[in-house]
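What follows draws every value from the coordinates through simple rules; no lab data is involved. Here the structure is a predicted model, which means the values were calculated and not measured. Note: ideal-geometry Cβ built from the backbone for every residue, glycine included; neighbour counts use all protein chains shown.
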Amino acid sequence: MTPGFPALEITLTSKEQHQLGSICIENNCPHLGVSGCTLGPEKPFSCHLYPLVYNPMEKTFHYDTDCPVMPTYIKQLKVPGSEAQSHLQAIKVSINHLESKDPEFLINNFEIDQSYFEIKKLPYQNKIGNT
């Protein structure tokens, strides 16, 4: 985190809370290693989601405008089979599952992301129920 930013408590699903307890990023993520996240497949869903932000009330995606990869991500959304399209599709599948199993997580995650990040609506998206 850049100096001057408040600490960020990572939103965890019910299952992740049971496994991980809590994760708070004060300066740098305690699970960030030289090759990325040291949690591997146990990485929290909110970390998989980032830099996207999901609004469960509108069923739309937004993104953190400060994330440097977003211009490339947005361009890739127009390219069939791109990494961005694959990421978004995988996120949609996970969100469909969470909407029935842990909707409170989605609400809490959006509230935190919306208050912490400067967000903008993601272009080239379909609502969650569509492909």
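Amide H to amide H, with H built 1.01 Å from N, HIS31 comes under 5 Å of no residue 5 or more places away or on another chain.
Okay, which of the stretch 5-36 sit inside 14 Å, backbone N to the point 7 Å along the Cα-Cβ direction of GLU42? Those under the cut-off are 15-23, 31-32. Note that the stretch 61-76 has calculated 3J(HN,Hα) couplings of 9, 10, 8, 6, 5, 8, 6, x, 7, 5, x, 5, 4, 5, 4, 5 Hz, one per residue in order, obtained from phi through the Karplus relation 6.51 cos²θ - 1.76 cosθ + 1.60 (θ = phi - 60°); glycine and proline are x. Rounded to the nearest whole Hz, the Karplus-based 3J(HN,Hα) values (6.51 cos²θ - 1.76 cosθ + 1.60, θ = phi - 60°) of the stretch 17-33 follow the sequence 4, 5, 7, 10, x, 7, 9, 10, 9, 9, 10, 9, 5, x, 9, 8, x, with x at glycine and proline. Only Cα pairs under 8 Å and 6+ residues apart enter the sum, and on that basis the relative contact order of the chain stands at 28 percent.
In the chain, a dipole from Cβ-located charges (positive for Lys and Arg, negative for Asp and Glu) runs towards its positive end, and of VAL79, ASN108, ILE119 it is VAL79 whose Cα lies farthest in that direction. Per-residue packing, averaged as other Cβ atoms within 10 Å, sorts the ranges 60-66, 43-49 into the order 43-49, 60-66, beginning with the highest.
Pairs LYS59/LYS101; LYS15/LYS43; LYS15/LYS59; LYS43/LYS75; LYS43/LYS92; LYS15/LYS101: which are spaced more than 19 Å apart, C-alpha to C-alpha? Correct reply: LYS15/LYS59; LYS43/LYS75.
Only Lys, Arg, Asp and Glu carry charge here, each on its Cβ (+1 for the first two, -1 for the last two); on that basis the stretch 40-121 has a dipole of about 400 debye about its Cα centre. The GluC sites (Glu not before Pro) of the stretch 42-85 that DSSP puts in a loop, and whose beta carbon has at most 12 other beta carbons within 10 Å, are GLU58. Residue-wise HN-Hα couplings along the stretch 45-50, as the Karplus relation 6.51 cos²θ - 1.76 cosθ + 1.60 with θ = phi - 60° gives them from phi, are 4, 4, 6, 4, 5, 4 Hz; Gly and Pro carry x.
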